[in-house]
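Written below as structure tokens is the structure these notes are about.
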Amino acid sequence: MADIIVLEKMNKFYGTYHALKDVDLTIAKGEKVVVCGPSGSGKSTMIRCINRLEEHDSGRIVVGGQELTDDEKKIDLVRREVGMVFQSFNLFPHMTVLENLTLAPRLVRKMATGEAEAIAMKYLTRVRIPDQANKYPSQLSGGQQQRVAIARALCMNPEVMLFDEPTSALDPEMISEVLDVMTDLAREGMTMVCVTHEMGFARSVADRIVFMDQGEIVEVSTPAEFFAAPKSERARTFLGQILAH
Amino acid sequence: MSFDLSLIAVSLPKILQGLGLTLNLLAVSTLFGLILAVGILLMRLSRRAWLIWPAKAYIYFFRGTPLLVQLFVIYHGLPQFGFIRQSVLWPLLREPYWCSVIALSLNTAAYVSEILRGGVLGVDKGLIEAGKALGLSKFQRTSRITAPLAVRLALPAYSNEIVSMLKSTALASTVTLMEMTGVARTIVADTFAPYEIFIAATIIYLVLVWIIQTGFTLVETYANRHVRKT
Amino acid sequence: MKFMTGLLSAAIVGLAVAMPAQAETLRVGMECTYAPFNYRTPEGEMAGYDVDVAKGIAERIGVDLDYVCQEWDGMIPSLLANKFDLIVASMSITEERKQKIDFSIPYRVSVGRILGSKEAGLKLFDEAGKPIPDAFNGLRFGVERASTYAKWVEAKLPGAEISLYDGAQPMLLDLQNGRIDIAITNPMKAYLDFLSKENGAGFEFVSPPIDEAEYFGPGVGVGLRKGNDELLVKIDKALDEMIKDGSLEKYSLKYFPFSIHPSNWKGVGQ
């Protein structure tokens, strides 16, 4: 399988704070990777570097064959092939659900409105809320909003989907509806990188689990290995805390 | 002190003869001011010191000095220089109307650019990131996300600025323009009845303010329709 | 003892309030910026023809003066609001004003003259001294708001393109700057402030003295609130004396190189 994301010796600083330390990670097409670790471990920063919402300071990032540099054109090329779902949904509040979904296809892919709307309805159906197409985000529940956000990313027909703690801002009863959609997506073969604390999801969906702490990748394991016998003391402590809930 | 109610009724239609000029000054200055404000805003939001610094100085100067003084500098001050009177600008600066429009526009631009900047800073950064993640260009993010949301956030403060501008047009009466206050002052000088005449003018200004505020409330309600739950 | 003192001072205060005409001090309203009629010298002293007239009256009726500086627009309202007792501010006596206040006999005659650029070579009046309305076409005409000049211009030249000013100074400034082409004002003031100065070098009177009594009235008088007949009689008597003994003529020559009074001026009964 072809490698779609390659991180090599990537470092990131905020001022003097060393946020990411020599991160090496290669993700193949179709692979599902769950990134976990304590808060402040650098997981969000790492996936935000993949579509250059954060700029890395050294090392290399290659996404879909394009190396990320200051070159705005390449950044745009990468971004249109990489979908992202945020913790706080980030739906455009002044646009209806349908407008949220068709904006990028029309502006970036230069798609005709009718075609963009047809695709939008297809993905809204896939996330099981086609009836909400003409509502505004504020009229939807958190779970529905996050599903719209997933559909919005999918409308660009991306090669990779990044999820940055997609269920952390949700009420408990809404978490499963979002995870179900993500699980469906995984089964369909989407390449996914998910930062999440949902260990059940990780266990059932992930091909590999990346455990990070203090800006470093501490271990990379299969879910079976990771949950049964974590290699590092730090991972054991983390799992002890998170599974105690 | 006698008080003549009928004088209010009689003077109302006379003062209304100045309404056209009042609204003209308001509309033209507001338009020019807005265009200028967007330019200053873009300078202020840029990351280049040589653009930011003049914008800051402009805002500081025009917010920091009285509008009346600005008007007098333009009207009485500039013609003191012979080269101004020889210049191509003189046909414009010769006219009290254009002096008033220039002063009002320059002044409101400083305030409006700050009002709009407040709106821009109020837009959730996460939305801009969502736009980036979708591959929207900087121009597309600005025109589709930042600008429409910033305008919505700025509307309440902007409506205050328009009301403030309406009142500021009264200063044009100090440079011979016969807008509503100019007419009112002339009637006062003729009738020696300041209370009745200025009360009549007050009534008209209050009605105009009511119309402006109601108009903006409607616009705000429409612009914020996405916030309402159904 | 204390009680008696208090009663006594209360009685004195009461007397003073009850008899304003007998009061020791009269408050005189004027612009204080209208040289050479009423203004402050660089030393801060009140001076001018109006001030001399007011002093002359005070001397003759035996009172002290307090000067109250007031903008022209609010002169009559302030008199009516009892902010001062007399207007001695070169105020022309008109029927309109007489409906609100009383006037003394005139202590100076009112005339107006029009100023314009020398270069323009304006001929606005015919041989008989009447304005030629067509000659004013296309000329921007500066006039002081609600002045007697404004009334005359409105009546004689209804089609004129008028700019209204709050005072002579901004008007003459705009004349000098070319915002207006002609301006009508008091010739004495115009001569002293403008024509005799460097700023006014390019300008001249482009009209004869306009002194139509129908508009300019009998002249300039002392204004006072209605119902002060006793004081009015005293002021009229004082002014009549000052006209007859040549005091007013003497005052005028302090400020002007020419007499500002008509040679046939007789004072009372004019």
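Values for this structure:
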read-out	value
GNM flexibility winner over chain C from C:Gly48, C:Gly246, C:Gly219 (Cα, springs under 10 Å)	C:Gly246
Convex hull volume per residue for region A:128-236, taking Cα atoms only, in Å³	124
Separation between Cα centres of region A:131-147 and region C:25-70, rounded to whole Å	80
Two-site FRET efficiency, C:Asp211 against B:Phe61, from Cβ-Cβ distance with R₀ of 30 Å, rounded to 0.05	0.05
Distance from region B:149-199 to region A:190-230 (C-alpha centre basis), Å	68
Karplus-derived 3J(HN,Hα), 6.51/-1.76/1.60, for each residue of region C:195-206, Hz, glycine and proline x	5, 7, 9, 4, 4, x, 4, x, 10, 8, 6, 10
Overall dimensions of region B:1-97 by Cα: Rg and Dmax, Å	19.6, 63
Tilt relative to chain A, helix A:172-187 - C-alpha long axis, 0 to 90 degrees, to 10	90
Accessible-area composition of the protein assembly as shown, carbon plus sulfur, in percent [1.4 Å probe]	58
In sequence order, calculated HN-Hα J values of region A:222-228 (Karplus, 6.51, -1.76, 1.60; Hz; x Gly/Pro)	6, x, 4, 4, 4, 7, 7
Convex hull volume per residue in cubic angstrom - Cα atoms of region C:55-145	177
Region C:118-270: proportion of alpha-carbon pairs further apart than 18 angstrom, %	66
Under-5 Å amide H pairs with C:Ile87, H placed in peptide plane, nonlocal only	C:Gly29, C:Gly223, C:Leu224
Kirkwood hydrodynamic radius over Cα pairs of chain A, then Stokes diffusion coefficient at 20 °C and 1.002 mPa s, in µm²/s	116
Estimated FRET transfer efficiency when R0 is 56 angstrom, pair A:Glu72-C:Phe256 (beta carbons, to 0.05)	0.10
A:Leu243/B:Gln140 FRET efficiency (R0 56 Å; Cβ-Cβ; nearest 0.05)	0.80
Under-5 Å amide H pairs with A:Thr191, H placed in peptide plane, nonlocal only	A:Gly30, A:Met161
For q = 0.04, 0.08 Å⁻¹, Debye-computed log10 I/I(0) when each Cα of the protein assembly as shown counts as one equal scatterer	-0.34, -0.78
0 to 90° range, to nearest 10: angle between helix C:49-61 axis and chain C longest Cα axis	30
C:Arg108 long-range amide H proximity, modeled H, under 5 Å	C:Val220
Longest exposed-site-free window of chain B, the sites being chymotrypsin sites (Phe, Trp or Tyr not before Pro) in a DSSP loop that have at most 12 other C-beta atoms within 10 Å	B:82-230
Whole-Å semi-axes of the ellipsoid equivalent to chain C (Cα gyration tensor, √5λ, descending)	39, 19, 18
Total accessible surface hidden between A and B, rounded to 100 Å², 1.4 Å probe	2200
Range of Cα positions in region A:48-138 per principal axis (Å), largest first	46, 28, 23
Loop-located GluC sites (Glu not before Pro) in region C:106-154 whose Cβ has at most 15 other Cβ within 10 Å (DSSP)	C:Glu119, C:Glu127
Ratio of Rg to Rh over chain B (Cα coordinates, Kirkwood Rh, two decimals)	1.06
Mean accessible surface per residue for chain A, computed with a 1.4 Å probe while every protein chain stays in place, in Å²	41
Nearest-ten-degree value, helix A:72-81 long axis tilted from longest Cα axis of chain A	80
Qualifying aspartates and glutamates (Cα of each under 12 Å from Cα of C:Lys156; at least 8 residues distant if same chain)	C:Asp134, C:Glu212, C:Glu214
Phi-based couplings in Hz for region B:42-57 (Karplus 6.51, -1.76, 1.60; Gly and Pro marked x)	5, 4, 5, 8, 5, 9, 9, 4, 6, 9, 5, 4, x, 5, 4, 5
Intensity falloff of region A:52-102 expressed as log10 I(q)/I(0), Debye formula with alpha-carbon point scatterers, at q = 0.21, 0.22 Å⁻¹	-0.86, -0.89
Set C:Lys98/C:Lys151; A:Lys29/A:Lys74; A:Lys12/B:Lys56; A:Lys110/B:Lys138; C:Lys100/C:Lys130; C:Lys83/C:Lys254 screened for pairs whose C-alpha atoms are more than 25 Å apart	A:Lys12/B:Lys56; C:Lys100/C:Lys130; C:Lys83/C:Lys254
Residues of region C:45-73 with amide N under 19 Å of the 7 Å Cα→Cβ point at C:Arg27	C:46, C:51, C:54-55, C:58, C:63-73
Additional length obtainable on full extension of the chain from B:Glu95 to B:Trp53, 0.36 nm per residue less Cα span	11.9 nm
Computed [θ] at 222 nm, helices only, for the protein assembly as shown once each DSSP H run of length n ≥ 4 contributes -39500 (n - 2.57)	-15000 deg cm²/dmol
Most mobile of B:Leu149, B:Leu16, B:Leu134 in a GNM of chain B (Cα contacts under 10 Å)	B:Leu134
Summed buried accessible area for B+C [probe radius 1.4 Å, Å², rounded to 100]	2100
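The values are calculated or read from the model by the stated rules, or taken from the named source; none is laboratory data. Everything numeric in this text was worked out from a predicted model, so none of it was measured. No Cβ is skipped: glycine too gets one built from the backbone with ideal geometry, and neighbour counts run over all protein chains shown. For the accessible areas, the whole protein counts, side chains as well, though only heavy atoms, and no ligand, DNA or RNA atoms are used. Shrake-Rupley method; radii C 1.70, N 1.55, O 1.52, S 1.80 Å.
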